[in-house]
Amino acid sequence: MSELTFIRTPYRTTASPDVLVFPGEPGWDAARRAWNLAVDQRPAVVALPETVDDVVAVVEYARELGLRIAVQGTGHGAPGRPLHGTMLVNTSRMTGVEVDARARVARVAAGTIWADVVEAAVPHGLTALHGSAQDVGVVGYSLGGGIGWLARKHGLSSSSVLSAEVVTADGDVVRADPETNPDLFWALRGGGGSFGIVTAVEIALYPVAEAYAGWLVWPIDRAAEVLGAWAAWTKDAPEEVTSVGRLLQIPPIPEMPEPLRGRQVVVVEAAFLGPEAEGRELLRPLRELGPELDTVAMMSAAGLTQLHQDPPGPVPGRGEGWMLDAFDGSAAAALVDAAAMDGTAPLISIEVRHLEGALGRPDPNGGALSHLEAPYAVYSVGMAPSPEAVAAVDGRIADIRRAAGPWLSRSTYFNFAERDADASTLYPGGQYERLVEIRAEVDPDGVFRAKHPLD
Ligand SMILES: Cc1cc2nc3c(=O)[nH]c(=O)nc-3n(C[C@H](O)[C@H](O)[C@H](O)COP(=O)(O)OP(=O)(O)OC[C@H]3O[C@@H](n4cnc5c(N)ncnc54)[C@H](O)[C@@H]3O)c2cc1C
């Protein structure tokens, strides 16, 4: 049967009308689109559920037709598969946040982005363990770990998930928490989307109202020196500070401040969860390197979702991440050399994130991924609107990875790995084997096709 004949099959489902969109129907291209515009998804059908009942109905419908199921909240982490023979369940209509300020808990619907959680929490003097981009999805992010500006103090976002509501491959709606379905609860927190469709999560909030945070910027010809000095500085940095060393090609667009527009620079970004005077003293060694621009100041916790200056909306990006067992002056020099940020480079950002602190310790209440063994994570990205651009970006990322060889960790960070990773490198210890067992129990027919699949 051709795909076209197949997708034109009249459907019977108890889902609300207009939940299913088939190829060629109005709204098809918008429905199948991922945030990452470089990913071209061509599923058999897209489901846009509005309620948990819709999710159950579309799971049953997919099973009846023998389709597999892929889930998307925003498509920041879309794995880049064509999705033939697959229903793409797009949860972007299922949004909402309820904050219980006394309990410091937020209940968050499946398609909610971090900006909405932070906006709801900040008036209560609270915030959440969001990442660098305000429009990344809470659920997709937390299923893969989640490292943001509060991470060295408060750990991976996945360890702050308190419960999840899940529609299983059988169409059952189940709760997962430490007492109810504890194995599923453990698997979801770092094991990715292989276990069902998460329709809501409860997450812990933290009493952080403000931070001493911002950018220190130097010209690119000081990149090796500055990154090397930052690497040395991170060795004694307290857990209250999370920082990133970064090479950047600033786009030549009016939204960028005039002195930086169109330039290549080296940047240290930092967020310190403490008083200004202490933050000043902490950053003194970096300031002594004489940055040409210094934006570090006290800011509301809400401002942290903009600190990294990630793109404000969908873009065609191509990136890859890995982890390092060490980062020092020689590693910095090798990275700067391989990145060759000379104004013609195909990459716009190469960043090294300092991990350790709470990120480096197994969390006794955490799930499949409760800590990261490596002390640094690297993520490199370029714009990839054409096959030529994809090849150029891939080539430069391969150069950087080769140059990082002596420091490369064997473990991989789930959320930063954009190609399908060997899942056994994503987890320390015997976690991978346990995840495979749990997957076999809750999805024996292998219905769900997740990012970083377990089979
Ligand atoms: C600009 C940008 C900034 C980023 N910053 C950070 C950062 O600071 N820290 C960090 O750790 N990561 C970061 N990431 C990586 C990001 O966390 C991952 O790409 C993550 O997978 C995105 O989740 P999503 O829901 O937005 O994306 P999606 O592509 O919608 O989801 C990713 C995967 O999660 C699963 N999934 C999503 N929703 C559900 C659901 N309801 N039920 C079951 N499975 C589901 C699916 O397998 C899906 O393929 C960033 C990525 C980008 C592009």
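The values are calculated or read from the model by the stated rules, or taken from the named source; none is laboratory data. All values reported here derive from a predicted model rather than from experimental measurement. Ideal geometry is used to build each Cβ from the backbone, glycine not excepted, and the neighbour counts take in all protein chains shown. Accessible surface is based on the protein model in full, side chains and every heavy atom, while ligands, DNA and RNA are left aside. Shrake-Rupley method; radii C 1.70, N 1.55, O 1.52, S 1.80 Å.
Cβ-Cβ contacts under 8 Å between residues 6 or more apart (or on different chains), taken from a first residue in region 22-36 that is more than 16 Å from the ligand (Cβ to nearest atom) to a second residue that is open to solvent by less than 20 Å² (accessible area, probe 1.4 Å) and of a type in the set (Phe, Trp, Tyr), are listed as Trp28/Phe22. When you look at Gly245, is it within 30 Å of Arg68 (Cβ to Cβ) and either of a type in the set (Ser, Thr, Tyr) or buried (at least 24 other Cβ atoms within 10 Å of the Cβ) (or both), yes or no? The answer is no for Gly245.
Meeting the requirement of 2 or more residues that are within 14 Å of the ligand (Cβ to nearest atom) and surrounded by 24 or more Cβ atoms within 10 Å (Cβ to Cβ), the strands (runs of 3 or more DSSP E) wholly within region 109-208 are 161-167, 197-204.
Checking every residue in region 388-402 against the condition of being more than 16 Å from the ligand (Cβ to nearest atom), open to solvent by 50 Å² or more (accessible area, probe 1.4 Å) and among the aliphatic types (A, V, I, L, M) gives at least one match. The set of residues in region 413-452 being of a type in the set (D, E, K, R) and surrounded by fewer than 14 Cβ atoms within 10 Å (Cβ to Cβ) consists of Arg419, Asp420, Asp422, Glu433, Glu437, Glu441, Asp445. Answer yes or no: is there a residue in region 281-290 that is part of a helix (DSSP H, G or I), modelled with pLDDT of 95 or more, touching a Leu at 6+ places or on another chain (Cβ under 6 Å) and not charged (D, E, K, R). Checked region 281-290: at least one residue is part of a helix (DSSP H, G or I), modelled with pLDDT of 95 or more, touching a Leu at 6+ places or on another chain (Cβ under 6 Å) and not charged (D, E, K, R). Given the criterion among the charged types (D, E, K, R), open to solvent by 50 Å² or more (accessible area, probe 1.4 Å) and within 30 Å of Trp186 (Cβ to Cβ), identify the matching residue among Glu288, Glu292, Glu356, Glu320. It is Glu356. Within region 210-223, does at least one residue satisfy the condition of being of a type in the set (Asp, Glu), in contact with a Lys or Arg (Cβ under 6 Å, 6 or more places away or on another chain) and not in a helix (DSSP H, G or I)? The answer is no, given that none of the residues of region 210-223 is of a type in the set (Asp, Glu), in contact with a Lys or Arg (Cβ under 6 Å, 6 or more places away or on another chain) and not in a helix (DSSP H, G or I). Considering only residues in region 44-78 that are in a loop (DSSP other than H, G, I, E, B) and farther than 24 Å from Glu165 by Cβ, the one that is most open to solvent (accessible area, probe 1.4 Å) turns out to be Gly66. So is Ser349 over 20 Å from Glu269 (Cβ atoms) and either in a strand (DSSP E or B) or of a type outside the set (Val, Ile, Thr) (or both) or not? Criteria not met by Ser349. Of all the numbered requirements in (1) at pLDDT 95 or above; (2) surrounded by fewer than 22 Cβ atoms within 10 Å (Cβ to Cβ); (3) within 16 Å of Gly214 (Cβ to Cβ); (4) among the acidic types (Asp, Glu), Glu269 misses one, and that requirement is (2).
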